1. Out of the residues in the stretch B:266-279 that are within 14 Å of chain A (Cβ to nearest Cβ) and part of a strand (DSSP E or B), state the one that is nearest to A:ALA64 (Cα to Cα).
2. Of all residues in the stretch B:106-155, how many are free of Cβ contacts under 8 Å to residues at least 40 places away in the same chain and among the charged types (D, E, K, R)?
3. Looking only at residues in the stretch A:86-138 that are in contact (Cβ under 8 Å) with a residue 40 or more places away in the chain and among the basic types (Lys, Arg), which one is farthest from A:MET18 (Cα to Cα)?
4. Could you give me the residue pairs with C-beta distances under 9 Å whose first residue belongs to the stretch A:184-209 and is touching a residue at least 12 places away in the same chain (Cβ under 8 Å) and among the β-branched types (Val, Ile, Thr), whose second residue is in a helix (DSSP H, G or I) and crowded, with 20+ Cβ neighbours inside 10 Å wherever it lies, and which are 6+ apart or on separate chains?
5. Look through the stretch B:14-59, keep the residues that are within 30 Å of B:LEU236 (Cα to Cα), charged (D, E, K, R) and surrounded by 12 or more Cβ atoms within 10 Å (Cβ to Cβ), and return whichever of them is farthest from the chain's Cα centre (by Cα).
6. State which residue is farthest from the other protein chains (Cβ to nearest Cβ) when the search covers only the stretch A:97-117 and only residues that are surrounded by fewer than 22 Cβ atoms within 10 Å (Cβ to Cβ) and not in a loop (DSSP other than H, G, I, E, B).
7. Looking at (1) more than 22 Å from B:ALA267 (Cβ to Cβ); (2) of a type in the set (A, V, I, L, M, F, W, C); (3) more than 13 Å from every other protein chain (Cβ to nearest Cβ), find the lone condition where A:LEU87 falls short.
Amino acid sequence: MLNIALPKGRLGEKVYNMFEKAGYECPSIKETNRKLIFENEEKGIRFFWVKPSDVSIYVERGAADIGVAGKDILLEYKPNIYELLDLNIGKCNMCVAAKKEFRDENIKVLKVATKFTEIASDYYSKIGRDIDIIKLNGSIELAPILGLSDVIVDIVETGTTLKENDLEVKTKIVPISARLISNKASFKFKGEEIEKIRNAMKEQVLYND
Amino acid sequence: MIDETLMSFEEKSAYKLRSVYKKYGYLPYKMGKFEEYELYVRNKDFLISDRVIAFNDTNGKLMALKPDVTLSIIKNGEDVKGVKQKVFYNENVYRVSENTHRFKEIMQTGLECIGDIDFYDVYETICLAAESLKVFSDNFCIEISNLDLVKTVITSVCDDRKFVSNAIKFISEKNSHDLQKLCEEYALDKNNTEKILTLVSVYGERNEVLSKLKKNFDLPQISDMERLSKMLDNSLFSDKIRFDFSIVNDMNYYNGFVYRGFLDNVACGVLAGGQYDNMMKKMNRKSGAVGFAVYLDRIEDAIRGNDGFDVDYLIIYDDNTDMKKIIFAVNELVKAGFSVSAQKDIPENLRYKEIKDLRKKD
């Protein structure tokens, strides 16, 4: 039996649909109830929904053999897993954004508000910019408006929230999309089944393109 | 005769592994708990965690509680032509835990073959790595990579430092999509892109890997891999030893063959090793080295079952119970080979198979 961790929410539903079209369906998942685990014995798969940021933990620790996680989560937590496929959905960008009038004159430490402290630190260390990281857990866009930070580092999908708050993207750090990931040991012992799923999902990706 | 049931997991594992290593002429290596701090500062990338518990000795010298054993063995050896130092160790080391991010005392077990090493020694350590895993489960595998081949293939298409480090990272993740994007960023042609992607797509059964590699490359490292593979055909565990280039160690220290061991019920690698001639050079040694470490803490977490019992019998008595009766009951059970715990009440966390109540009933 292969355990598959799916991210709860809109992205997770899209991902499940891809699994379904790839031949790994599990109809009970669409029933409205409080069940957490859904099994298709015949196909040898078991799905479960987890918080998107927890998928990589379930996979890294082997509670799930494979799963789907955003590249943002993989860059932030650097889990020790295999990244098998870019599913090409949930596409967005990790960006530096700030008030429209903001210009980084590089004369003082830059105050950066973000949920993604690792990604932000990596990015600014690569360009040699001294920063002060302010870790926030939500409503990141508020930080520059209220003067808590100079810039924010966050995921930008359409840019509507930024626009509505008089903010704009200053730099695109890295493109983000959903990735099929696998536990390393599971890949060693259940490699054949995992490869089959990866190949079937790859066909779906090509079909969607 | 040693009763293994009385041993802790660590003791039992160390005992079994020791007997495996001794069979092949590896001698125990014992060392102190402290080492000069400077040794680790100079070689911190070689360590799993670069944080070390340091303290000032009475003479003012900055010392450290050992976070690693290999560096101490290298430091204390000598290079003599034709001679190999074959040692195994079983030592406590002090590292920051990957999970709790706090210092932890960890039992590190492993072996090193240092000196005038050759192909046989690489083969022997891989076989011993396989035997080590067999101690814990029949369902294990060892995956071998050749770092020299990986490095040659990558640098032959592009020797930019950033490209090389990113390519190695993506190969270690089996991440062909980002590797392909990286090749596009560096404007590599189709032929070179395909060459490098082979390192992600080719893995598994040794002969299959070799034949695919031969189709794509003409490199001396493939002959090395072929030679090792043929030697491994004679090993008892040949079918459990595969090639996989996602096994990557720091190339500043490691070179040639590196390998990692997995058990089917443990979520991460439980054994890591390989050749580390580059590390030897950094420490001004002229000879080569190969060895591995077994991560007993990772294995223990997965293997330690919760279905056992602490004792066979729980004997319950009270202040009115005749002492002779208690002694007799305990002795009889112990003589019959059972374990017994005599208590006045049922302990909350004790797991017992049977209960004998010696209290007088009114």
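1. Step one: filter the stretch B:266-279 for residues within 14 Å of chain A (Cβ to nearest Cβ), giving B:266-272.
Keeping just the survivors that are part of a strand (DSSP E or B) gives B:271-272.
Values: B:LEU271: 22, B:ALA272: 23 Å.
Among those residues, the one meeting the criterion is B:LEU271.
2. 2
3. The extreme case among them is A:LYS111.
4. A:ILE194/A:SER186; A:ILE194/A:PHE187; A:ILE197/A:PHE19; A:VAL205/A:MET18
5. B:LYS22
6. Taking the stretch A:97-117 first, the residues surrounded by fewer than 22 Cβ atoms within 10 Å (Cβ to Cβ) are A:99-111, A:115, A:117.
From what is left, the residues that are not in a loop (DSSP other than H, G, I, E, B) are A:99, A:110-111, A:117.
On the way: A:LYS99: 31, A:LEU110: 23, A:LYS111: 26, A:THR117: 15 Å.
My answer is A:LYS99.
7. Answer for A:LEU87: the failing condition is (3).
Matching residues to (1) farther than 25 Å from A:ALA200 by Cβ; (2) in contact with a strand residue (DSSP E or B) (Cβ under 8 Å, 6 or more places away or on another chain):
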| position | (1), (2) |
| --- | --- |
| A:LYS8 | no, yes |
| A:PRO52 | no, yes |
| A:MET94 | yes, yes |
| A:ALA98 | yes, yes |
| A:ILE107 | yes, no |
| A:THR114 | yes, yes |
| A:THR117 | yes, yes |
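The values are calculated or read from the model by the stated rules, or taken from the named source; none is laboratory data. Keep in mind it's a predicted model, so treat the numbers as computed, not measured. Positions of Cβ are backbone-derived with ideal geometry, glycine not excepted, and every protein chain shown enters the neighbour counts.
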